[in-house]
Amino acid sequence: MLREMTVSNRAHDLAAFMPIVRRAMRGLVDVRAGGYVVEETIPGTFRVVNAHTGRDYAVQYYERAGIWTCDCPDFRHRHLPLCKHIVMVWSSGLVNDEGVPRSCEPPF
């Protein structure tokens, strides 16, 4: 019985996590295809622009809290920890492996 509960809980956890995975994958595909441009406007603040429509989104890293936000409807209304725009910033090379913008890294 315990084993069945564990498997069931894992399936439930995975199902809850899948929307996040789908958004992340969509972000990676879109940025690799050249459909978006990512630029850092000031340290920790990024602008993600749809190259086809010109629509832009503000992605921000809050250093003290260590959290990322985006002003896109998907992030604001679904209350997920990330959206495809945040993933685009992460995959742009402007963020280190720990998920911190390179511009916010302490000097060596």
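The values are calculated or read from the model by the stated rules, or taken from the named source; none is laboratory data. Keep in mind that this is a model prediction, so the values were computed, not measured. Glycine also receives a Cβ, built like all others from the backbone with ideal geometry; neighbour counts cover every protein chain displayed.
Couple of notes before you dig in:
- Qualifying residue in the range 81-101 (condition: modelled with pLDDT under 85, part of a helix (DSSP H, G or I) and of a type in the set (D, E, K, R)): no
- Among the residues of the range 43-95, those identified as aromatic (Phe, Trp, Tyr), buried (at least 17 other Cβ atoms within 10 Å of the Cβ) and either more than 16 Å from Ala24 (Cβ to Cβ) or in contact (Cβ under 8 Å) with a residue 40 or more places away in the chain (or both) are Phe46, Tyr61.
- Scanning the range 65-108 for residues that are among the basic types (Lys, Arg) and closer than 21 Å to Arg32 by Cα yields Lys84, Arg102.
- Applying the set (1) surrounded by 15 or more Cβ atoms within 10 Å (Cβ to Cβ); (2) modelled with pLDDT under 90 to Ala15 leaves exactly one unmet item: (1).
- Out of Gly27, Gly54, Gly34, sole residue that is of a type outside the set (Phe, Trp, Tyr), part of a loop (DSSP other than H, G, I, E, B) and under 15 Å from Ser92 (Cβ atoms): Gly34
- Filter result for Arg64 (basic (Lys, Arg), more than 14 Å from the chain's Cα centre (by Cα) and at pLDDT below 75): no
This table checks each residue for (1) in contact with an Asp or Glu (Cβ under 7 Å, 6 or more places away or on another chain); (2) farther than 19 Å from Pro19 by Cα.
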{"position": "Tyr36", "(1), (2)": "yes, yes"}
{"position": "Val48", "(1), (2)": "yes, yes"}
{"position": "Ala58", "(1), (2)": "yes, yes"}
{"position": "Asp71", "(1), (2)": "no, no"}
{"position": "Pro81", "(1), (2)": "no, no"}
{"position": "Ser92", "(1), (2)": "no, yes"}
